[in-house]
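Worksheet for the structure shown next.
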Amino acid sequence: MDLATFAVQLLNAVQYGMVLFLVASGLTLVFGILGVINLAHGAFYMLGAYLAYWLSAYTGNFALAMIGGVAIAFVAGMLLETVFVRLLYGRDHLAQVLLSFGLILVIDEIRQILFGKDVHSVAPPAWLSGSIQLTNNLSYPVYRLAICAFCIAVAAIIFLVITRTKVGMIVRAGAENREMTRVLGIKFDQVNRYVFAVGIALAALGGIVVAPISTVFPGMGDSMLILSFVVVVLGGIGSVAGAAVGALLIGLTDTFGKVFFPSVASILIYLLMAAVLLWRPNGILGRKDA
Amino acid sequence: MRQPFRRKRVMSEVALQATRLTKHFGGLKAVSDVSLDVHRGEIHAVIGPNGAGKSTLINLLSGELLPTSGAIKTGALDITTFAPDRRARAGLGRAYQKTTIFAQFTVHENVRLAAQARSHAPLKMFGGIGSDTAIKQRTQDAIVKAGLAGRGEIVAAKLSHGEQRQLEIAMVLATDPGIILLDEPLAGMGTSEARRIVDLIASLRIGRAVLIVEHDMDAVFELADRLTVMQDGRVIATGAPQEVRAHPAVRAAYLGSHEGAA
Amino acid sequence: MNMTAPRNQTIIMAVLLIAAIALPFVASTYYVQFVGKAFIMGMLAMALNLVVGHGGLVSLCHGAFFGLAGYILAMTTPKYDAASLMWTLPLAMLASAGAALVIGALALRTRGIYFIMVTLAFGEMLFFFFHDTKVAGGSDGAFINTKPEIALFGTQLLDLDKPIAFYFVVLACLVGVVALLTMIVRSPFGHALAAARDNERRARSLGFPIFRIRLTAFVISGALAGLAGYLAAAQFGFVAPQMLGWHVSATILVMVLIGGLRSVTGPLIGALVLIALEEFLKATTDHWKLAEGLVIIAIVLALPGGVRQLWPMISGTRKETGRAPAVPAKARHV
């Protein structure tokens, strides 16, 4: 592998990892603060991609589609929190798993009614549709670089919010002591609602940004859900920094796994997860004592 | 420094021995260099102000925490690295500060579980739970001994606070331990309830070694054959209750305000 | 944990068993196959409930154990001939038990929500293994052309191609699973498992080796899920990666919740209810998944103790039991 190919693969790994981070950070926030495991997280990623397809076809503008899609997801998150999720605080994990499974069926069918089950593709915005020539026969799409930059910017905002604001303080407390935030959570109904909505919006945002580089298809939410779970298990529940570490590890493992060990690439990330479980059962950046 | 207070033991069968136990949490030394022993047939109380390291010590002894350094032995057996379940099987029984019975089980089921844990086939899959007469007997004995006779079919969650502590002790008894660790058995208890528990604890020492952590000084001085006083994670005095009461460091550090009461 | 079944419950069970035996003689093949399918899913849900209801461990990889055993049958069935039940069934159950041993040993290092995520991820690993590789048809799945048989010296003793024979094999397995699980739940082992569910720390301090207890339950549960998967593959004559997918795992969890977490046979009722509900919804609306999702949400929110919660409401009797066997244990912390 020459340097240029390596650079391309590295960029792919980082780009993939950053999208994973976007989605997984939403999942880990919802768990860390609300103590709720949301299996429907992947369904919102899928829905985000379909919204990107629908809105960009409707408006003809990808940026508008992105803003619209995130707004729709955010509002949907607020509504869901108010109607269903609120009832799950303090319920056991089984109830959370099954309620969110029910939500998946509902969301899937709504997607079926609104968009059908066809596979779609979405065009990236025109000004990002070119490629950068790396060597004579290697080029790299600008849009993928833009994803990296965009995701890093979003990650930076998340980190700033978490380290510098009052809401962030609650988030960090949640990662360390869920009992305490549950007590706090009673006081901060609004915070709960926004956190859930932000989590959902992050999942949808992930779906929107990848829509132009992957195909938009019904089953895309499921595989993303599993990957986000692996990210969270690797990084440690509730830890946003952990999600970043986990996401990049998976991006690197998967991308270079496909290059070097193509026959076993699909199970490499699970082997990675098994290794982390043996080494640190609570995740790389998780608390030591559960 | 604390040697002058070591009383000469007549019966010298050491059941539990901790040697230079130390536990650090990050930079905090919760327990430093603590050595103590508990003999068969005696009640050994550990006292000290809040934050002295008593809870950490009892967690180190029961295996819920592993020491940073130091050693723990039951008789000749070194159990320093044993997990809690293995220590229990080695004859170490523990009652908790916060009542931790199985709330949805009946009193009888709670105690039977404990008896089952120390039976010859604790995880047998064939045959019901009622078939082992030895377990039945041990369950019944423990319930009677703990003063819960006639309460066997009550669901544990419905017992009074005092009865729940009695159940705790019944469960410990049913595991037939050689050593019993009691973590604040009198916490949150009314006077008459406390009286029952104190009498029950006093009877535990026969044939067993008992280590108790307790704040109620009246009870401690009534029950203890020996006392260890801790402060800031260290032992500041060990000895018979009268000796410890007279110790200047103890008076200065801890007992001063309690003396009138004790 | 009410371990002793009341007498009238025993009578009900006996009546239901007689009805199940009589069914093939009075109903059409369609209904016999339908009930057979519900029995198989019920077996799977009961197997799962050993770890979920009795062990307090929410596993999302039982679909993988179920599908794995089905694939073992598909891979051991010769192209134009029947496989021998006598060795393919034990092999399939052994494979599922082995997978449960490995996954359980890793996943049981974690608690609560981690456990759910880890089991889900490892289950999906098996899904992707059969989906992405060519071992048995890849994403298209594989056919089982001839159903397994028991033959001795060339004489066919039992042929699962006959619907009635198949039904009775399923029924016999069902009775066996119920008997085995009842025995386990009522045994010292079952009590230790329930104790670990209700208060892990206390159970450990009494001397119970929690990890070993849970792993044992997980492996038994995985092996029984394998039994169900083997029978399901034989009935459908076809296996596909979706059989291992986590939607199967989640669906059987719904059955467990509907039937009630604290009983052995509850999940069987749950399976019958959910499968009948699905058939009904499929017949009434194109968007049956939407309706099913809403029903699941409603059940989770309104009936945390399963459908048996409805009985007192319907009959108007309220029994103060003092204990709450049907209510799931409180949320556990990570």
In order over segment C:216-224: 3J(HN,Hα) from phi, Karplus 6.51/-1.76/1.60, θ = phi - 60°, whole Hz, x for each Gly or Pro, gives 4, 4, 5, 5, 4, 4, x, 5, 5
Zone reached by a paramagnetic label modelled 7 Å from C:Val102 Cα along Cα→Cβ, restricted to segment C:43-79 with backbone N below 20 Å, covers C:59-76
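Ignoring everything except DSSP H segments at least 4 long, calculate the 222 nm mean residue ellipticity for chain A; use -39,500 (n - 2.57) per segment, divide by total residues, nearest 500.
Estimated from H runs of four or more residues: -24500 deg cm²/dmol.
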Expressed in nanometres to one decimal, the distance between label points 7 Å along Cα→Cβ at B:Leu66 and C:Asp132 is 3.5 nm
The base-10 log of I(q)/I(0) that the Debye equation returns for the protein assembly as shown at q = 0.06, 0.08, 0.09 Å⁻¹, one scatterer per C-alpha, is -0.48, -0.83, -1.01
For segment B:90-178 the chymotrypsin sites (Phe, Trp or Tyr not before Pro) that pass both the DSSP coil test and the at-most-16 other-Cβ-within-10 Å test are B:Phe126
Mean separation of Cα contacts under 8 Å (at least 6 apart) over the residue count of chain B, i.e. the relative contact order in percent, is 28 percent
Which residues qualify? For B:Gln231, with a placed amide H closer than 5 Å and at least 5 residues away or on another chain, they are B:Ile236
Going fewest to most other Cβ atoms within 10 Å around each Cβ, A:Cys148, C:Cys61 line up as A:Cys148, C:Cys61
With B:Ala15 itself left out, Lys, Arg at +1 and Asp, Glu at -1 over residues whose Cβ is under 10 Å from its Cβ give 0
Fewest-first ordering of A:Cys151, C:Cys173 by Cβ atoms within 10 Å yields C:Cys173, A:Cys151
From fewest to most C-beta neighbours within 10 Å, the residues A:Trp279, C:Trp246 line up as A:Trp279, C:Trp246
Computed for segment C:117-192: size of charge dipole around the Cα centre, +1 on C-beta of each Lys and Arg, -1 on C-beta of each Asp and Glu, debye to nearest 20, value 260 debye
Flagged as over-length at 27 Å C-alpha distance, from B:Lys136/B:Lys158; C:Lys134/C:Lys162; B:Lys54/B:Lys136; B:Lys98/B:Lys124, the pairs are C:Lys134/C:Lys162; B:Lys54/B:Lys136; B:Lys98/B:Lys124
With Cα coordinates, the longest principal axis of chain B makes an angle with the long axis of helix B:107-117, in degrees rounded to 10, of 80 degrees
Unit-weight point scatterers at every alpha-carbon of segment A:1-112, Debye formula, q = 0.11, 0.18 1/Å: log10 I(q)/I(0) is -0.47, -0.98
So, relative contact order of chain C in percent, Cα under 8 Å, 6 or more apart, is 31 percent
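Any read-out appearing in this document is the output of simple, stated calculations on the displayed coordinates, not a laboratory observation. Keep in mind that what you see is a predicted model, and the values were worked out from it rather than measured. Cβ atoms come from the backbone with ideal geometry, glycine included; neighbour counts cover every protein chain shown.
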